[in-house]
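The values are calculated or read from the model by the stated rules, or taken from the named source; none is laboratory data. As the structure is a prediction and not an experimental result, all values here were calculated from the model. Counting neighbours? That spans all protein chains shown, and the Cβs are built from the backbone with ideal geometry, glycine included. Protein only, heavy atoms only, side chains kept; ligands, DNA and RNA dropped before computing areas. Shrake-Rupley method; radii C 1.70, N 1.55, O 1.52, S 1.80 Å.
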Amino acid sequence: MIKANVILENKNWRKHIKSPSNYIKKKFIKLSKIKDFNVNKEFSILLTDNKKMKLLNNKFRKKNKPTDVLSFPIKNLIKNKNYIGDIAISYEIINKRSKNSNFLEEFDRIWVHGYLHLVGYDHKSIKDFKQMNNKEILILNYFKK
């Protein structure tokens, strides 16, 4: 099953998710029922803020502004071949977007997007975008069951 090390760097996340680690574990149980996602993979999720996201985005993408999610895939660089990388997510952006929807749904959409980047999906071309978007929709709809 998929596992995540959840790092809570910004306490504001607890306003909407009492136990982020438990929340993610429950999502992984649902994900494991989807054929392509019943895999032994591990990654980390950093739940942070705009200030940290701006620093990371500037350092790794040369963009001096905060962003919603950053993914850092790892390709067999470490002994644990099941470890696929790291995701960082901004509280402020998720919270702002959720004003027109639901915080948990927006959070799920963003971490799933980041996870798909870790396993090799991207949206550099229209074809890639459609493929990744369809996979996101499949997963998010499965969460609603």
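For the list (1) at pLDDT below 95; (2) open to solvent by less than 60 Å² (accessible area, probe 1.4 Å), I need the number of the one condition that Leu70 fails.
(1)
Tally time: how many residues in the stretch 88-121 are closer than 16 Å to Pro66 by Cα and of a type outside the set (A, V, I, L, M, F, W, C)?
Of the residues in that region, 7 qualify.
Evaluate the following for Leu104: is it open to solvent by less than 20 Å² (accessible area, probe 1.4 Å) and either in contact (Cβ under 8 Å) with a residue 40 or more places away in the chain or more than 13 Å from the chain's Cα centre (by Cα) (or both)?
Criteria not met by Leu104.
Can you work out which of the residues in the stretch 70-101 that are farther than 23 Å from Leu55 by Cβ and assigned to a helix (DSSP H, G or I) is nearest to the chain's Cα centre (by Cα)?
Ser98
Give the residues of the stretch 16-54 that are charged (D, E, K, R), without any contact (Cβ under 8 Å) to a residue 60 or more places away in the chain and more than 19 Å from Asn82 (Cβ to Cβ), sorted by residue number.
Result: Lys18, Lys26, Asp49, Lys51, Lys52, Lys54.
If we keep just the residues of the stretch 48-66 that are basic (Lys, Arg) and assigned to a loop (DSSP other than H, G, I, E, B), which is surrounded by the fewest Cβ atoms within 10 Å (Cβ to Cβ)?
Lys62
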